[in-house]
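This report refers to the structure that appears directly beneath it.
Here, each number is a calculation from the coordinates, and none is a lab measurement. These numbers come from a predicted model, not from an experiment. In this analysis, Cβ positions are derived from the backbone assuming ideal geometry, glycine residues included, and neighbour counts consider all displayed protein chains.
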Amino acid sequence: MLKYLLKRIGQTILIVILVSVLTFFLVDLIPGDVVLNVAGKDDIDEAEYWKIYYELNLDKSTPERFVLWLKGVLKLDFGTSYIYHKPVWDLIKTNIPPTLYLSLLATLISVPIGVFFGIISAVNRKKKSDTIITLTANICNCLPQFWIGLLLTFLLAVKLKWLPTMGFGWPSKVGLAKHIKYIIMPLICLSLGGIAGFTRQTRSSMLEVIRQDYIRTARSKGLSKRRVNFKHMMKNGLIPILTILGGRISRMIGGSMIIENLFAIPGMGVLTRNSIMAKDLPTIQAIVMITTAFSCIAFLLTDIAYMIVDPRISLAESEE
Amino acid sequence: MKDKKDLNAQIDYAKEIRRENRRKFIRTMFSRKLVVFGAIGFSIFLLIAIFAPLITKYDPSYMDIKAILANPSAEHWLGTDDFGRDTFSRLVYGARISLIIGVLAVSLAAVIGISLGMIAAYFGGVVDQVIMRLNEALHSIPHIILSLALVAVIGNSVADLAVILAVTTVPTYVRMTRAMTLNVKNSDYVKAAKMAGASSFHIIIKHVLPNIMSPNIIMMVGNVGSTILMESGLSFLGVGIKIPTPSWGTMVSEGRAYIYNNPYISLIPGLCVALLVICLNNLGDGVRDAMDPRLRGEN
């Protein structure tokens, strides 16, 4: 078990290092003069040009540059943003809380609801409720998040005037009631896909368990259907949910990029969009690194949780 | 003479079996109503995309300055946008862009991903390690962030976006192909081919590839939808396809400002994305049913 744990942590570190290499060379991928690209404009004076030149350590060899950049990254120094004229890390620090808050909250909302619908659907397989749930989940999986958001804005904010069309504020600043009003629509947009995903996963893993011998044994022992459903099936059927949790959190952070722009929430999404539009490379590099780090941590934590719940996994892996 | 007759009969028999298999494939594929719905819907979108110039008389990027933000009329069926461009025409041409990007990106991703997956599994060792570690690194960057960063670096023409979206989907193909190639590699027929002195290239193309194709095809059909969804998201953010190319995502984002007066400018293109993706996914389910009977009835 410890062996597997160490192996997984090692893998995660390796991935983060590889991503940092890829991110670092992102700058070199752009055709044209690196300095002008970083500055984002062509008409800079000589002093400014050389300032950026030395800031990027362009006088040194590529491996040296990478090591210097990585050293900075480890100290959370991603350089200076060329559009905001501030250290990139300061920008990230102020923008990341709403993104993490919304994506984690949306995940927390979608797990129980998705699992609930998945179980209902699996237990009533081939009945009407199953058909309706599966169909709805499949449709929700296909809807563009921004379109759901727009539809909700149109219905709840424009027509019914129940909610503000956009904006965001923490409960400490605007009060809890207003805060909830702000986050309802973004949360629905983010959670809908998650709920659909968890419903489908729960349903298929529950159906997998239904076929197992121990379920048949339990039923033939005379245990009630309800008892078998809840005691035997759920215990084993819900474990695979953990495996998709990490991927879902990563997708929630991604989805938040779009939703934040729709509802003007001052998070990573808005920062990302602005820095992409202006080709603000230090910020883009930092965003790639930090979101990757978060999604890697999410993957690692779900794997560890999975290993604790189902020791068979670590055994199988370390025997490889 | 008799031998030849026998041979002909055998060939006829083989042809008959092949025809029967094909009929069975079609029958299983369309055995569910939803799949038929998906196929019909997809065909409609496809026809619209192909015959776009016949359906609408307006150029989607033509700006009619006299008809800015016009209401729906006989001239402009769905009105015009803030540049005086005909919304209906942009919608029709948007189908073209979505389908081109979806199909192009997925084909590219599949070709690259399947090749890398087969190479990794077949040769193993260092090659495998390098490909798989890089693959994991690429996979662990949230897809939308990766495509956004690549847009900043590569650009946002239709071809650029196809490449970018392909890069984000490659890892799934590499992983699946690798796992399946590992199985095929240990099969008797591959061992026999090796003993017979076949080259690695010959074995990969003739023996491995045909045996790993069907799950890949199933995945490809499913991926077209999700790629279109991703493209619309990028275009919605304003970093997708270059203006004035008509893209549904861009239309939604441009129409957003007019949600009070004319919500349809932004709601209808989004609905088109949703419908196309729903049709594609149902069609994909049908392909899966027909190609892999074990998965039938699951989601």
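Where does segment B:208-296 land on Rg(C-alpha)/(2.2 N^0.38 Å)?
Dividing the Cα radius of gyration by 2.2 N^0.38 Å gives 1.40.
When Lys and Arg each count +1 and Asp and Glu each count -1, what net charge do the other residues less than 12 Å away from residue B:233, Cβ to Cβ, add up to?
My count for the surroundings of residue B:233 gives +1.
Can you give the Rg to Rh ratio of segment A:121-203, both from alpha-carbon atoms, with Rh computed by the Kirkwood formula?
Checking Rg against Rh, the ratio lands at 1.11.
To the nearest 500 deg cm²/dmol, what mean residue ellipticity at 222 nm is calculated for the protein assembly as shown from DSSP H runs of n ≥ 4 alone, each contributing -39,500 (n - 2.57), summed and divided by the residues?
-24500 deg cm²/dmol
Can you spot the lysines whose alpha carbon is less than 22 Å from residue A:181's alpha carbon? Ignore those fewer than 8 places along the same chain.
The qualifying lysines are A:159, A:161, A:173.
Once Rh is set to the Kirkwood radius over Cα pairs, what Stokes-Einstein translational diffusion coefficient, in µm²/s, holds for chain A at a temperature of 4 °C and a viscosity of 1.567 mPa s?
D = 57 µm²/s.
Please list the three semi-axes, largest first and in whole Å, of the ellipsoid equivalent to the protein assembly as shown, using sqrt of 5 times the eigenvalues of its alpha carbon gyration tensor.
Here the semi-axes work out to 40, 33, 30 Å.
Of the peptides A:300-312, A:251-263, how do they stack up when ordered by the mean number of other Cβ atoms within 10 Å, highest first?
In decreasing order of mean packing, A:300-312, A:251-263 become A:251-263, A:300-312.
Distance cut-off 25 Å, Cα to Cα: go down the list A:127/A:235; A:7/B:191; B:24/B:194 and report the pairs above it.
Violating the 25 Å limit, Cα to Cα: A:7/B:191; B:24/B:194.
Using only the alpha-carbon atoms, what does chain B span along each of its principal axes? Please give whole angstrom values in decreasing order.
Between the extreme Cα coordinates on each principal axis of chain B lie 78, 52, 35 Å.
Over segment A:39-197, with a single point scatterer placed on each C-alpha, what log10 of the ratio I(q)/I(0) does the Debye formula yield at q = 0.10 1/Å?
Results for segment A:39-197 at q = 0.10 Å⁻¹ read -0.65.
Kindly give Rg over Rh for segment A:143-297, based on alpha-carbon atoms, with the Kirkwood expression for the hydrodynamic radius.
Here the Rg-to-Rh quotient is 1.14.
List the lysines whose Cα sits under 24 Å from the Cα of residue A:86, skipping any in the same chain fewer than 8 residues away.
A:41, A:51, A:71, A:75, A:279
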